1. Give the range 1-24 a look and list any residue that's outside any loop (DSSP other than H, G, I, E, B), within 19 Å of Met46 (Cα to Cα) and not polar (S, T, N, Q), or say none.
2. Can you give me the number of residues within the range 136-175 that are open to solvent by 50 Å² or more (accessible area, probe 1.4 Å), closer than 19 Å to Pro72 by Cβ and charged (D, E, K, R)?
3. Within the range 25-61, how many residues turn out to be open to solvent by less than 60 Å² (accessible area, probe 1.4 Å), outside any helix (DSSP H, G or I) and modelled with pLDDT under 75?
4. When Gly113 is evaluated against the numbered criteria (1) touching a Phe, Trp or Tyr at 6+ places or on another chain (Cβ under 7 Å); (2) under 29 Å from Gly45 (Cβ atoms), which criterion, by number, is the only one it fails?
5. For the range 109-135, give me the residue count where each residue is among the aliphatic types (A, V, I, L, M) and within 15 Å of Tyr82 (Cβ to Cβ).
6. Against the conditions (1) at pLDDT 95 or above; (2) within 25 Å of Thr69 (Cβ to Cβ); (3) surrounded by 12 or more Cβ atoms within 10 Å (Cβ to Cβ), where does Asp81 fall short? Just the number, please.
7. What's the number of the condition Asn87 fails, among (1) surrounded by 12 or more Cβ atoms within 10 Å (Cβ to Cβ); (2) on the phi > 0 side of the Ramachandran plot; (3) not hydrophobic (A, V, I, L, M, F, W, C)?
8. With (1) open to solvent by less than 50 Å² (accessible area, probe 1.4 Å); (2) under 16 Å from Ile70 (Cα atoms) as the list, and Ser121 as the residue in question, which single condition is left unmet?
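The values are calculated or read from the model by the stated rules, or taken from the named source; none is laboratory data. Please read all numbers here as calculations on a predicted model, not as lab measurements. Here the Cβ positions follow ideal geometry from the backbone for every residue, glycine too, while neighbour counts run over all protein chains shown. The protein model used for the area step is the full one, side chains on, heavy atoms only, and it has no ligands, DNA or RNA in it. Shrake-Rupley method; radii C 1.70, N 1.55, O 1.52, S 1.80 Å.
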Amino acid sequence: RGNISKILGELMMLIENDKRGENYHLTLPYSKEEFYIPENLYIIGMMNTADRSLALIDYALRRRFSFYTIMPAFKNQKFKDYINNINSKELIDLISCIDNELNENIRQDESLGEGFLIGHSYFCNLDKFEDLHQKLFQIIKYDIKPMLKEYWFDDKETAINWVNRLNKIIGEKDE
């Protein structure tokens, strides 16, 4: 994390598609060597738009990259097969609530939106845990709850209501 323009400096110009190759170079300030970006180099950057510190991207940087949104994969057939193989009603019900209700609430919230949806990655590799119920409780308590409290920092009641709904699905007590 940081000021990308300051981090990349003159490199910002060279990462443009039409400024790559040996014909476009700059001289490095310390070594005085010439430097260029090869035409076949692909730079892949990832960011979580839910991170408020990254919400505003420098337009100069945005102009140099293509953007592709990756949505939660709850409806992906491989993920559904994986969840069904675990064979847990509470897991299926929890994911259904998050995907169909909580995420829809987040999507419709004017201060949040699609960039803040709860993703499927919290529920990967669950087959490694002997006590699935305990792991689901931990996911809600230590991952989802703090995030919801941050999302609705000015509306704690909404965050707590959602945590309580998720806890109720797995048979845990309210907040």
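1. Ile4, Lys6, Ile7, Leu8, Leu11, Met12
2. Summing the residues that are open to solvent by 50 Å² or more (accessible area, probe 1.4 Å), closer than 19 Å to Pro72 by Cβ and charged (D, E, K, R) in the range 136-175 gives 3.
3. Summing the residues that are open to solvent by less than 60 Å² (accessible area, probe 1.4 Å), outside any helix (DSSP H, G or I) and modelled with pLDDT under 75 in the range 25-61 gives 3.
4. Condition not satisfied by Gly113: (1).
5. Residues that pass the stated criteria total 2.
6. Every condition holds for Asp81 apart from (3).
7. Every listed condition holds for Asn87 apart from (1).
8. The number of the failed condition is (1).
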